[in-house]
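Everything below concerns the one structure shown next.
The values are calculated or read from the model by the stated rules, or taken from the named source; none is laboratory data. Computed from a predicted structure; not experimentally measured. We work out accessible area using only protein heavy atoms, side chains counted, and drop any ligands, DNA or RNA first. Shrake-Rupley method; radii C 1.70, N 1.55, O 1.52, S 1.80 Å.
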Amino acid sequence: MLLTATLPHHLRRLGRIVVDGVLPPRCLACGATVGEPHSLCSGCWAAITFFAPPWCAVCGLPFPHPMGEDAVCADCARERMSWDRARAVLRYDKHSRRLVLGLKHGDHTHLAGALGRWMKRAGGEILDNADLILPVPLHWTRLFARRYNQAALLAHAIRAAGGPPVAADWLVRRRRTPSQGRLSAAGRARNVRGAFALRRGRSVKGKRVVIIDDVLTTGATVEECARVLRRAGAGFVGVLTLARALRAGG
Ligand SMILES: [Zn+2]
Ligand SMILES: [Zn+2]
């Protein structure tokens, strides 16, 4: 560490080229050898569902057929959420699970760069005019166990890809919530109610903000974060996640 810090820039660069040359690039999802670094193998490209239009203007749910630019899905027509628009890069399913969980539980922080670029592209229409992006916070006890917050990692990667500035610690978790994994949709909503707050002294009044998270399942967590931001006077609240779970058959 000390040695590399004192090396001239071009020497460090050379070192990186040598390392890249020695280790063959691996598929981000399955670990198979690939031709290009930070990419997927052809099998994973084919198996993972990347969301693309036509989709719901509000939540980004893909439609099987073009429905017009302002068309919304049944859920969005029935219920208004606290956020204005949501987008995700890919479908959370058995094909993408390893990619997503690798970021959450593994030590694959190197994944974040590539995923941040994908999110920057997929979230273009909500990121373009945004003032700030806010990662969903982990409770500090969980942060301590995991060493990093995957949502913050993605937010910084989006920023590095040319996205809006990161307000890393603006959303705070007031209490630790039990893991959402086994809870129903209603249970998840109850579980996170009142769990988040805006850090004292920060203001989002009139600002266009985008909440960043890794996976959207029932949406209870981002809805709770969005309510906090909306109450604090945010002018626009977007949601951008790497993955989104869809109901079977949806
Ligand atoms: Zn693969
Ligand atoms: Zn929708």
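Our estimate of slack between H65 and F50, defined as 0.36 nm per intervening residue step minus the Cα-Cα distance, is 3.8 nm.
Spatial offset of the stretch 73-97 relative to the stretch 198-237 amounts to 16 Å, using the alpha carbon center of each.
In plain terms, the chain from S42 to R193 could stretch by 50.2 nm, reckoned as 0.36 nm per residue minus the Cα-Cα distance.
Backbone phi angles across the stretch 205-221, fed through the Karplus curve with coefficients 6.51, -1.76 and 1.60 (θ = phi - 60°), yield HN-Hα couplings of 3, x, 8, 9, 10, 10, 7, 10, 8, 7, 10, 10, 10, 7, x, 4, 5 Hz in residue order; Gly and Pro are listed as x.
Solvent-accessible surface of protein heavy atoms, probed at 1.4 angstrom with all chains present, puts D75, D214 in the order D75, D214, largest first. Rolling a 1.4 Å probe over the protein heavy atoms of the stretch 29-81, with every protein chain left in place, gives an accessible area that is 58 percent carbon and sulfur. Protein-only accessible surface at a 1.4 angstrom probe places the residues E69, E223, E125 in the order E69, E125, E223, largest first.
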